[in-house]
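The values are calculated or read from the model by the stated rules, or taken from the named source; none is laboratory data. Here the structure is a predicted model, which means the values were calculated and not measured. Because the Cβ atoms are built from the backbone with ideal geometry, glycine has one as well, and the counts that use them run over all protein chains shown. With ligands, DNA and RNA removed, areas are computed over all heavy atoms of the protein, side chains included. Shrake-Rupley method; radii C 1.70, N 1.55, O 1.52, S 1.80 Å.
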Amino acid sequence: MVSIMNEALELEIGHKILEVGTGSGWHSATIAEIIAPSSTPRSEWGCIFTLEIIKSLAENSRKNIINSGYADRVKIINADGSMGYSEKAPFDRIVVTAAAPAIPQPLIKQLKTGGIMIIPIGNVSLFQKLLKISKGPDGKIKQKNLGGVAFVPLTGKFGQ
């Protein structure tokens with residue numbers, strides 16, 4: 001699933017990414033390898049801001065990111081990811097790793113024009129679909145269904 005989501009994000013070196021739902025930190029590390037490879041000068045690196053609402057998960061993922069050598073590219077914040085991270089917006093890409101009942105409007109607002117968001121949408125006990133959201137130059141949103149998925153529920157203000 002991580003590979004499918006990363007491919008759909010169309011990641012490039014230098015992108016600024018928002019991840020909602022840090023989990024173990026694994027997904028952030030895979031994104032860091034694409035947007036900020038160590039073989040590229042630091043001045044060209046992108047950065048990932050990843051939000052985790054569960055404090056113990058945020059702390060554990062922070063340890064994993066430090067131990068794996070990605071702390072200079074991945075910033076872990078203990079916060080309600082459904083609200084996004086307006087302090088660092090807009091983002092080139094947003095990836096949500098938990099199912100929301102609908103696309104959270106704060107995330108749409110924080111997506112850069114020309115940006116892409118990947119998000120599972122649906123009820124936790126019913127069918128969910130993985131959506132690819134693209135924000136056009138006019139600010140209009142296009143959606144593409146990438147197929148059926150099963151994710152944990154997004155919690156927080158705009159969650160389940």
Once E59, E12, E7 are ranked on solvent-accessible area with the largest value leading and a 1.4 Å probe, the list reads E7, E12, E59
In whole angstrom, note down how far apart the Cα centers of the range 102-127 and the range 20-68 are. 20
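Summing Lys, Arg as +1 and Asp, Glu as -1, what charge do residues with Cβ under 11 Å from the Cβ of K112 carry, K112 excluded? If you can, show how the numbers build up before the last one.
Numbers: positive: K16, R93, K109, K135; negative: D92.
The answer is +3.
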For an R0 of 25 angstrom, estimate the FRET efficiency from the Cβ-Cβ distance between K144 and K88 and round to the nearest 0.05. 0.45
Rounded to whole Hz, the Karplus (6.51, -1.76, 1.60) HN-Hα couplings of the range 72-81, x for glycine and proline: 7, 10, 10, 10, 9, 10, 7, 7, 6, x
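Could you work out what % of the accessible surface of the chain is carbon and sulfur, using a 1.4 angstrom probe and leaving DNA, RNA and ligands out of the count?
Values: 4230 of 7770 Å².
Of the solvent-accessible surface of the chain, carbon and sulfur hold 54 percent.
Over the chain, with the other protein chains present, what is the accessible area per residue in square angstrom, probe 1.4 angstrom?
Working: 7770 Å² over 160 residues.
For the chain, the per-residue accessible area is 49 Å².
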